[in-house]
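Below is one structure, written out as structure tokens; comments come after it.
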Amino acid sequence: MKMHNPLKVLVITLLLAFMASGCAPTPKSESTGGYIDDTVITTKVKTQLLQDDELTSRDIHVDTYKGRVQLSGFAVSQADIYRAVAIARDVPGVRAVENHISVR
């Protein structure tokens with residue numbers, strides 16, 4: 001049986017560890033799984049906003065980062081803003097909602 005060079009094994013191990021750490025989240029970036037989760041949350045919030053019959057505004061933008069949903073854009077009334085925030089809070093996976101919607 002052929003013995004492996006210890007230096008070669010060490011280099012390969014370090015290389016694999018370095019490559020795996022590239023997929024890990026940092027304080028300023030998300031992991032691939034986190035990004036996908038946020039995309040799903042964004043899609044669910046947008047869908048709920050569009051399907052709601054009481055909400056008259058359609059100019060509300062949704063961004064999600066690490067489960068925190070940011071709503072921005074314009075609404076026709078303060079009631080629409082409150083409704084949009086309530087809808088976003090009810091979506092599974094949403095950790096917090098930041099409201100940056102303005103009344104037009």
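Being buried (at least 17 other Cβ atoms within 10 Å of the Cβ) and under 17 Å from T42 (Cβ atoms) is the filter here, so list the residues in segment 71-84 that pass it. L71, A84 - these are the residues of segment 71-84 that are buried (at least 17 other Cβ atoms within 10 Å of the Cβ) and under 17 Å from T42 (Cβ atoms).
Each residue in segment 90-104 was checked for being surrounded by 13 or more Cβ atoms within 10 Å (Cβ to Cβ) and at pLDDT 95 or above, and 6 pass. Scanning segment 34-70 for residues that are of a type in the set (S, T, N, Q) and assigned to a loop (DSSP other than H, G, I, E, B), which turns out surrounded by the fewest Cβ atoms within 10 Å (Cβ to Cβ)? Among those that are of a type in the set (S, T, N, Q) and assigned to a loop (DSSP other than H, G, I, E, B), it is T56. Of all residues in segment 47-104, how many are over 19 Å from I36 (Cβ atoms) and hydroxyl-bearing (S, T, Y)? Residues in segment 47-104 being over 19 Å from I36 (Cβ atoms) and hydroxyl-bearing (S, T, Y): 6 in total.
The values are calculated or read from the model by the stated rules, or taken from the named source; none is laboratory data. Note that the coordinates shown come from a computational prediction; the quantities given were computed from them, not determined experimentally. Don't worry about glycine lacking a Cβ; one is built from the backbone with ideal geometry, like all the others, and counts go over all protein chains shown.
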